[in-house]
Amino acid sequence: MADRHVAYALIGGGQACGNCARWLREQGADGEILLIGREPDPPYYRPDCSKDYLRGEKPRSETMFRAPEWYAEQQVELLTKVSVIDVDVSERLLSLSNRQKVSFDKALIATGANVRRLNVPGCELEGIFYLRTLGNSEAIREGAAGKRVVLIGGSFIGCEVAASLTELGSECAIVMLERVALSGVFGESAGHFFQDRLEDHGIKVYGEDALERFEGSEGRVTTVITQDGLELEADAVIVGAGVVPDVMLAKRAGLELGERGGVLADSRLATSVPGIYVGGDMAEYESVIHGRNLRVEHWDVAFNHGKTAALNMLGADQPHEVVPYFFSDLSDWASLEYVGPAARWDREIVRGSLDDGQFSIFYLDGGRVAAVLAVGRSEDIEHGRRLISEGVELGETAERLGELSADLAEL
Ligand SMILES: Cc1cc2nc3c(=O)[nH]c(=O)nc-3n(C[C@H](O)[C@H](O)[C@H](O)COP(=O)(O)OP(=O)(O)OC[C@H]3O[C@@H](n4cnc5c(N)ncnc54)[C@H](O)[C@@H]3O)c2cc1C
C-alpha cells in the first residue's frame, strides 16, 4: 500500500536524474517529480572531485547541478540521504529507507557506479582513499595535500588526482598495470604525451607493475609494496582502480543485465518493464550509432541520457543518438577531449603535432573513424562526431585527416 503517488520517480540523484528532472519540466510535464538520492547533496558535477574542487579552487556551491532554489521553483521534490531499497515493478511501488512507500507512473533508475575496492593485505589501514564523492574529495585534500602520496592506477582518476595533489605540494608516484599512463583508452603515443606532462611536474610513474600489499604502523599506511618488489613510502594512498556499475537495486527488481555488466536498455533507454528507464554509468543501452551495446562512464553521457529518458517518458519515442563525449584535465598542464568510444582500432592518424601539444588523433577501424582524441584542437571533435555518427567510409581520403591544410568538413 503506497503512502503517496508521484508521476515521475527519479532514482539515484546524480547527473542523469538532475537533467531528467530539468527536461521533464522544460517539456511541460505537469505531474509530481520526486528525485531520490542517498548522498547528502543534490545532483552535482562529479568531475570536479578530482579537479578544481580537490584543489580548493572552486567552492562547493559551484559544483551543484542547480542552485537549491531551482528545485522549489521547478516543483522538483528532492529527497537526499534517502535510499531506494526496493522497486516492485509489477506494483510500480518504491520502498524507501525513510520507510515511505511511493507509487509511480514512470521511473528513471540511474544509480551510477561504485569504486572498485582492492582486497590486498593492509587494505584496511588508515590513509588509503577512494574517490567518488565530494566528501571523498575533501578527505583526500585533508589527508594527502602536501604529503608523500602513492596513486594506484594509471587511468583518469590516478592521473588527474596526481596532477591536482602535485599542485597542492604533494610528492606523487603512480603505480599502474599499463606500460604507459592513459594508454588503455588512447593508445601509447597519446599515453606518452600525457605521461611526459606528469613526469615533467615531478610525478614518478611506475608502469607494468601491480600492487602487492600495504604496510603500516599504528594502523596507518606507511609503505606500498609492488609485485616487482618496489617499496614506496607513503603518507597517503589514492586508489583509482575503476568502477563497477551499481546495478544492485535494478537487479533485485528483476531487470535484465547485459554483457558489460550494466542494466539492459533499448535504444530509447527503456528497460523491459514499460515506463521504467535507465541512464548514466549503470545503463547498457543499444547504440544506434555504434551498432552495439554501450556502457560508458562519462559525465556527458549521463547528462544526455537524462534528457533522452525525459523525452521518452513524455512519449517522444526518441533513440539516444548522441556520440559519447569525454574530457579530462591534468591540472592546467594538459586538457583532453574525446569522442568515441573505440572498441578497437587498426590505425591512428595524427593531425597537428604531439611535440607542440596541439594535436588530434583519429582512431580508425576498417577505414571508418571510431574515435577522436583532441588536445588543444577542440574544433576536430565536432568533425569526429559527425564522421562517427555518419559512419563515413574514408578509403584513400583518410590520409587527409592528418593534413592540417585539409578541410575536415569536406570529408
Ligand atoms: C572523481 C571523478 C572524476 C570524474 N571526471 C570525469 C571527467 O573529467 N569527465 C567525464 O566525462 N566523466 C568524469 N567522471 C565520471 C562522471 O562523473 C560519471 O560518469 C557521472 O557522474 C555519472 O552520472 P550518473 O548520474 O550515472 O551517476 P552518479 O553521478 O554516480 O549518481 C548516482 C547516484 O545514485 C546514488 N544511488 C545509488 N543507489 C541508490 C539507491 N538505491 N537509492 C538512492 N540513491 C542511490 C549514488 O549514491 C549516486 O549519488 C568522473 C567521476 C569521478 C568520480
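The values are calculated or read from the model by the stated rules, or taken from the named source; none is laboratory data. Note that the coordinates shown come from a computational prediction; the quantities given were computed from them, not determined experimentally. We place every Cβ from the backbone using ideal geometry, glycine too, and count neighbours over all the protein chains shown. SASA here: full protein model, heavy atoms, side chains in, ligands and nucleic acids out. Shrake-Rupley method; radii C 1.70, N 1.55, O 1.52, S 1.80 Å.
Over the chain, what relative contact order in percent results from Cα pairs under 8 Å that are six or more residues apart? Don't skip to the answer; put the middle values down first.
On the way: 949 pairs, mean separation 58.5, N = 411.
About 14 percent, as a whole number.
Suppose all protein chains stay in the model; what accessible area per residue would a 1.4 Å probe give for region 1-98, in Å²?
Numbers: 4420 Å² over 98 residues.
In whole numbers, region 1-98 has 45 Å² accessible per residue.
Take every Cα-Cα pair in the chain and report what % of them are more than 43 Å apart.
Values: 12027 of 84255 pairs.
Across the chain, Cα pairs with separations above 43 Å total 14 percent.
Excluding ligands, DNA and RNA, what is the solvent-accessible area per residue of region 158-250 at a probe of 1.4 Å, expressed in Å²?
The answer is 40 Å² per residue.
For region 312-411, what is the accessible area per residue in Å², given a 1.4 Å probe and the full set of protein chains?
Values: 4490 Å² over 100 residues.
For region 312-411, the per-residue accessible area is 45 Å².
What relative contact order, as a whole-number percentage, does region 65-140 give when Cα pairs under 8 Å and 6 or more residues apart are counted? Please list the in-between numbers first.
Values: 46 pairs, mean separation 10.4, N = 76.
Reported relative contact order: 14 percent.
Could you pull the Rg and Dmax for region 52-107, using just the Cα atoms, both in Å?
Cα-based Rg and Dmax for region 52-107 come out at 16.0, 47 Å.
Calculate the dipole size of the chain relative to its Cα centre from +1 charges on Lys and Arg beta carbons and -1 charges on Asp and Glu beta carbons; express the result in debye to the nearest 20. Kindly include the intermediate steps, with their values, before the conclusion.
Details: 41 positive and 67 negative charges, 282 e Å.
So the magnitude is around 1360 debye.
At 0.36 nm per residue, and after removing the present C-alpha to C-alpha distance, how many nm does the segment from ALA343 to VAL288 gain when stretched out fully?
Values: separation 55, 0.36 × 55 = 19.80 nm, distance 1.52 nm.
In short, 18.3 nm is gained.
Summing Lys, Arg as +1 and Asp, Glu as -1, what charge do residues with Cβ under 10 Å from the Cβ of ARG368 carry, ARG368 excluded? Could the numbers behind the result be given before it?
On the way: positive: none; negative: ASP365, GLU390, GLU393.
That works out to -3.
Express in nm, to one decimal, how much length is gained between LYS101 and GLN75 on full extension, taking 0.36 nm for each residue of separation and deducting their alpha carbon distance. Numbers along the way, then the final one.
On the way: separation 26, 0.36 × 26 = 9.36 nm, distance 2.02 nm.
Gain on extension, LYS101 to GLN75, equals 7.3 nm.
Give me the percent of accessible area attributable to carbon and sulfur for region 50-132, probe 1.4 angstrom.
Values: 1950 of 4420 Å².
Exposed carbon and sulfur together represent 44 percent of the surface.
Run the numbers on region 278-397 and let me know its relative contact order in percent, using alpha-carbon pairs under 8 Å that are six or more apart.
Details: 209 pairs, mean separation 22.0, N = 120.
Relative CO of region 278-397 lands at 18 percent.
Which percent of the accessible area of region 311-354 is formed by carbon and sulfur heavy atoms (probe 1.4 angstrom)? Walk me through the numbers before you get to the answer.
Details: 830 of 1870 Å².
Carbon with sulfur: 45 percent of the solvent-accessible area.
Only residues of region 337-381 count here: report those whose backbone N is under 18 Å from the spot 7 Å along Cα→Cβ of ASP407, or say none.
What the label zone holds, given the 18 Å backbone N cut-off, is 379-381.
How much FRET efficiency would the formula 1/(1 + (r/R0)^6) give for GLU124 and ALA316, where r is the Cβ-Cβ distance and R0 is 45 Å, rounded to 0.05?
In this case the efficiency is close to 0.35.
Once you've got the GNM for the chain with C-alpha springs shorter than 10 Å, pick whichever of ALA371, ALA270, ALA139 has the biggest mean-square fluctuation.
ALA139
Taking the alpha carbon gyration tensor of region 221-364, what are the square roots of 5 times its eigenvalues, largest first, to the nearest whole Å? Numbers along the way, then the final one.
Numbers: eigenvalues 224, 117, 39 Å².
So the three semi-axes of region 221-364 are 33, 24, 14 Å.
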